[in-house]
Amino acid sequence: MKPHTRIAAVLAALVLACAGTAAAQSWPAKPIRMIVTFPPGGSTDLVARAIAPKMAEKLGQQVLVENRPGAGGNIGMDLVAKAAPDGYTVGIGAAGALAVNVSLYPAMPFAPEKDLAPVSMVAMIPFVLVGGPTLAAKDLRETIALARAQPGKLSMGHGGNGTAMHLSGELLKMLAKLDIAAIPYKGSGPAAADTLGGQLQMAVVDVPSSLANIRAGKLKALAVTTPRRITALPDVPTFAESGVAGYDSTGWFGLVTTAGVSGEIIARLNAALVETLAAPEVRERVIAAGAEPLTGSPQEFAAMIRSETQKWAQVVKVSGAKAQ
């Protein structure tokens, strides 16, 4: 390369770098879409709506929550993956779309590791196995005995193929060696409603979608999926306490954006989220939604996604779980 050509190339690179820095500094110049991969009313939606106003305050622009449920989170995350890499589209994704579906679905509309950029964890969340009025068992031990006596007769709803609720149910079936029909729904709310209405015998759901009906005695809380009992349901045993040794399935979700978004913008999103979840009034709303706030760096979140991808790939393989 001739000297004057080399100089021109260097100058061009500097101009592009300066332009990119200037764009990041002026960002955001318009509202940001926050895609939620579940319907309104569940924990993910409630948490998104708790953090959006404070993040908007930190960023100086509106953060507009948009629910795009379906396909275990793939529909919403695909919108984020295919958005312009300018930081104006972010997504609240759960374990399903970010770590599980690559093993569960024969074909994916996007590649999580390649097409999405992690920003931060948002929260960890427990799930609960609830029984409805058509379940002739009062606790998990009796439910397991009933399922073994009537293989294939019981039905268990969950919040969508590939979600942590789905795999929580599959983990129970695998460890307890049960034949139970798994029925996917577009979120916890519909699954809990059909369990309450008697269309299902039971469902793995998030706590907020079922807590009022549990406390009213309309749904039976059979067990929580976490290693320890939870504050919201202190009298409900864990799966391990109910005889399912080695059971542990904690849900989580985090904030991602489109691959190719500049590091400066990702850093600003991360800082705004961390500051938002440190605010006492936001933390209270997140906890009330049945979740535990948990943030970190983009690198830490990326490492967690990789680890969870490997863990659930094994569960999918052993259980034979498939997307329907």
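The values are calculated or read from the model by the stated rules, or taken from the named source; none is laboratory data. Given the structure is predicted, the values throughout are model-derived calculations rather than measurements. As a convention, Cβ positions derive from the backbone with ideal geometry for all residues, glycine included, and neighbour counts pool all protein chains shown.
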**OP:** Could you tell me whether segment 259-274 includes any residue that is modelled with pLDDT of 95 or more and under 24 Å from Ala191 (Cα atoms)?
**Re:** no
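Residues in segment 280-294 that are of a type outside the set (Val, Ile, Thr) and either surrounded by fewer than 15 Cβ atoms within 10 Å (Cβ to Cβ) or in a helix (DSSP H, G or I) (or both): how many?
Total satisfying the criteria: 6.
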**OP:** Kindly list the number of the only condition in (1) surrounded by fewer than 24 Cβ atoms within 10 Å (Cβ to Cβ); (2) closer than 26 Å to Val318 by Cβ that fails for Lys54.
**Re:** (2)
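If I ask for residues that are modelled with pLDDT under 80 and either assigned by TED's automatic domain parsing to the domain that holds Tyr185 or touching a helix residue (DSSP H, G or I) at 6+ places or on another chain (Cβ under 9 Å) (or both), which ones from segment 3-42 would you list?
Result: Gly20, Thr21, Ala23, Ala24, Gln25, Gly42.
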Original post:
Of the residues that make up segment 157-173, is at least one part of a loop (DSSP other than H, G, I, E, B), touching a helix residue (DSSP H, G or I) at 6+ places or on another chain (Cβ under 9 Å) and over 23 Å from Val207 (Cα atoms)?
Top reply: no
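Listed here are the residues, each with its yes/no results for (1) under 17 Å from the mean Cα position of the chain (by Cα); (2) part of a strand (DSSP E or B); (3) outside the structural domain of Glu275 (by TED's automatic domain parsing).
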site	(1), (2), (3)
Asn101	yes, no, no
Ala107	no, no, no
Lys114	no, no, no
Arg148	no, no, yes
Gly152	no, no, yes
**OP:** Collect the residues in segment 233-243 that are in contact (Cβ under 8 Å) with a residue 24 or more places away in the chain and crowded, with 18+ Cβ neighbours inside 10 Å, keeping them in residue-number order.
**Re:** Leu233, Val236, Phe239, Ser242
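If a residue must be closer than 21 Å to Asp45 by Cα and surrounded by 24 or more Cβ atoms within 10 Å (Cβ to Cβ), how many such residues does segment 208-221 contain? Write out each step before concluding.
Keep residues of segment 208-221 that are closer than 21 Å to Asp45 by Cα, which gives 208-214.
Next cut, surrounded by 24 or more Cβ atoms within 10 Å (Cβ to Cβ) only: 209-210.
Selection size over segment 208-221: 2.
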Original post:
Quick one: would you say Thr163 is of a type in the set (S, T, N, Q) and assigned by TED's automatic domain parsing to the domain that holds Ala267?
Top reply: no
**OP:** Considering (1) within 16 Å of the chain's Cα centre (by Cα); (2) modelled with pLDDT of 95 or more; (3) surrounded by 19 or more Cβ atoms within 10 Å (Cβ to Cβ), say which one Ala302 fails and leave the rest.
**Re:** (3)
Original post:
Residues in segment 125-140 that are over 16 Å from Ala191 (Cα atoms) and more than 28 Å from the chain's Cα centre (by Cα): how many?
Top reply: 3
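Yes or no, residue by residue, for (1) in contact with a strand residue (DSSP E or B) (Cβ under 7 Å, 6 or more places away or on another chain); (2) aromatic (Phe, Trp, Tyr); (3) over 17 Å from Phe38 (Cβ atoms):
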residue: Leu175; (1), (2), (3): no, no, yes
residue: Ala182; (1), (2), (3): yes, no, yes
residue: Pro190; (1), (2), (3): no, no, no
residue: Gln199; (1), (2), (3): no, no, yes
residue: Lys220; (1), (2), (3): yes, no, yes
residue: Val261; (1), (2), (3): yes, no, yes
Subject >> Qualifying position, being over 24 Å from Pro40 (Cβ atoms), at pLDDT 95 or above and either polar (S, T, N, Q) or part of a strand (DSSP E or B) (or both), among Ser307, Ser242 >> reply: Ser242
